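Remarks on the structure that follows.
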Amino acid sequence: MMSRILSTHQSPHLFVTEDLNVTLKCSQIGTSHNSMYWFRKTPTEPLEQIVHFFVKTENWEKDFKQRASAVRNGASLDLTLAKVQSSDSGVYYCAKQDAHQCNPIYNLNKNTNTCSSEVT
């Protein structure tokens, strides 16, 4: 039996001078999920979503759209932050997710199809 490697690979630690642009790179290895995300975690704030790409549709959180851009190219999603500031410091996470369409459950007495999704 052959096993597949299902993971993401992203940029290592970066130290950047303020007012420069920085690009964080992320690629899927061994898979090509429909949905990809970038998140940021700072010491004082909970994990916050930056952007979510579903195939070619992008959804930005309002606080990031002014100075950030992203490019989805197949199994990769690169995030560029323009003119970085000290307030941009944090741990950035890339994630992937398989999207599933679920049938609604109409009758609890009948067999129903359920589905779930996992972000990794």
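The values are calculated or read from the model by the stated rules, or taken from the named source; none is laboratory data. Keep in mind that this is a model prediction, so the values were computed, not measured. Counting neighbours? That spans all protein chains shown, and the Cβs are built from the backbone with ideal geometry, glycine included.
Yes/no matrix, rows are residues, columns are (1) touching a residue at least 24 places away in the same chain (Cβ under 8 Å); (2) farther than 18 Å from Asn21 by Cα:
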position	(1), (2)
Glu48	no, yes
Arg67	no, no
Ala75	yes, yes
Leu79	yes, no
Gly90	yes, no
Restricting to the range 35-66, name every residue that is in contact with a Phe, Trp or Tyr (Cβ under 6 Å, 6 or more places away or on another chain), polar (S, T, N, Q) and more than 11 Å from Tyr93 (Cα to Cα). Ser35
Quick check on the range 16-61: of everything there that is over 13 Å from the mean Cα position of the chain (by Cα), among the acidic types (Asp, Glu) and not in a strand (DSSP E or B), which residue is nearest to Lys83 (Cα to Cα)? Asp19
Whether any residue in the range 68-81 is modelled with pLDDT under 90, farther than 22 Å from Thr44 by Cα and surrounded by fewer than 12 Cβ atoms within 10 Å (Cβ to Cβ) is what I want to check. yes
